[in-house]
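Accompanying notes for the structure given below.
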Amino acid sequence: MSSRAKLCILEGMKIIVTHSSPDMDAITSVWLIKKFLPNWNDASVKFVPAGERLRGVNQESRIKNQGENDSAIEHIGDDEVVHVDTGLGPLDHHQTASDKVCGASLTFDFVKDHISKHNIEAVERMVKVIVEIDHFKEVFRKDALLDYHEFDLASILDGLKLQFPGQDDLYVIEVSKGLDAVLHGFENRIWAEKEIKENGKKFETKFGKGIGFETINDSVVKLSQKMGYAIAVRKDPRKGYVRIKVRPDSKIDLTLACEKLRKIDPDATWYLHISKKMLLNGSVKNPKMRPTTLSLEKIIKVLESV
């Protein structure tokens, strides 16, 4: 037995308890504690019937004793235990009718002092989505019936339950990996929103408004398109690579821009996508492409002229 394992036995275990067949709310609550509560990253996760507590302590007993210990961390023997989304404790929302609260939002409030400034906005925005899902409000999305929602993490969890019935540990492990990825995505989006607001170089074309960036964050391109910009261009300040994209519904054809850029900088490698809506110079997918020496401002002037 390792010295760490022996130490865990001497000190007792850290245990997170949630309900069987955990949903997004329960798993996100577990993830928040393991991700951000100091020294809880290796906590074990146990499952109980919905509403119950570990070791058979019933709901009525919990309600009776509520208030004696305001902390969500309980001591059962030598173990430290946190109940989330079950047991009617501090991190269970089932004693309130509010549709603005869920287990994950309560857990977020519990751990937020331990979340870095770098992460806090991203995590808060993630939790708001979980609140919406836990109260079934995704049915009100204007495009709720479209197939792409089957790629949502909540839908993937539903699929896992069909594919691997009764494997609660698996659901927590796999969806937690997804939440890690979503966190990185939100961080990148928030960074892109700031880039668009503060550093985007706006310009006009005969087809509509454009915006350009010198940044390593490629999310600015897609986000700009979602915001309605007809053309978005990004130059990577480290590698010199350039990505120019137009909205799929735009009438813009980048053929003329490609020809002009090739004439101005013939040593660079320019790739025009068959759709004529994407023009690339350099790519991590093809490191043999030669980056342009043109500045972002010169590239924008070409785009303004076509």
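For the range 221-234, give me each residue that is on the phi < 0 side of the Ramachandran plot and free of Cβ contacts under 8 Å to residues at least 24 places away in the same chain. Matches in the range 221-234: Lys222, Gln225, Lys226, Tyr229, Ala232, Arg234. Looking at (1) surrounded by fewer than 17 Cβ atoms within 10 Å (Cβ to Cβ); (2) closer than 29 Å to Gly185 by Cβ; (3) not basic (Lys, Arg), find the lone condition where Ile244 falls short. (1) is the only condition that Ile244 fails. The lone criterion from (1) in contact with a strand residue (DSSP E or B) (Cβ under 6 Å, 6 or more places away or on another chain); (2) in contact (Cβ under 8 Å) with a residue 60 or more places away in the chain; (3) of a type outside the set (A, V, I, L, M) left unmet by Pro237 is number (2). Of all positions in the range 164-171, none carries a residue that is over 12 Å from the mean Cα position of the chain (by Cα), among the small types (Gly, Ala, Ser) and closer than 30 Å to Glu297 by Cβ. Within the range 273-295, residues that are buried (at least 18 other Cβ atoms within 10 Å of the Cβ) reach partners that are in a strand (DSSP E or B) and of a type in the set (A, V, I, L, M) with beta carbons closer than 6 Å, at six or more positions or on different chains, in the pairs Lys277/Val246; Leu279/Ile244; Leu279/Leu272; Asn281/Val242; Thr292/Val242. Meeting the requirement of 2 or more residues that are modelled with pLDDT of 85 or more, the helices (runs of 4 or more DSSP H) wholly within the range 1-106 are 24-36.
Filtered by the rule that a residue be buried (at least 18 other Cβ atoms within 10 Å of the Cβ) and either modelled with pLDDT under 95 or aromatic (Phe, Trp, Tyr) (or both), the range 192-205 gives a lone residue, Thr205. From the list Val172, Val123, Val111, Val129, the lone residue that is surrounded by 17 or more Cβ atoms within 10 Å (Cβ to Cβ), of a type in the set (A, V, I, L, M, F, W, C), in contact with a Pro (Cβ under 7 Å, 6 or more places away or on another chain) and assigned to a helix (DSSP H, G or I) is Val172. Tell me, please, whether a residue that is surrounded by 14 or more Cβ atoms within 10 Å (Cβ to Cβ), out of contact with any Lys or Arg (no Cβ under 9 Å at 6 or more places or on another chain) and over 29 Å from Ile120 (Cβ atoms) can be found in the range 224-235. Checking the range 224-235: not a single residue is surrounded by 14 or more Cβ atoms within 10 Å (Cβ to Cβ), out of contact with any Lys or Arg (no Cβ under 9 Å at 6 or more places or on another chain) and over 29 Å from Ile120 (Cβ atoms).
Candidates Asp253, Asp218, Asp249: the one that is under 27 Å from Val182 (Cα atoms), of a type in the set (Asp, Glu) and modelled with pLDDT under 95 is Asp218. Condition check for Lys177 on (1) over 21 Å from the mean Cα position of the chain (by Cα); (2) part of a helix (DSSP H, G or I); (3) of a type in the set (Lys, Arg): one failure, at (1). The number of residues in the range 72-85 that are over 19 Å from Leu37 (Cα atoms) and touching a Phe, Trp or Tyr at 6+ places or on another chain (Cβ under 9 Å) comes to 0.
The values are calculated or read from the model by the stated rules, or taken from the named source; none is laboratory data. These numbers come from a predicted model, not from an experiment. Here Cβ is always computed from backbone atoms with ideal geometry, including for glycine, and neighbour counts include all displayed protein chains.
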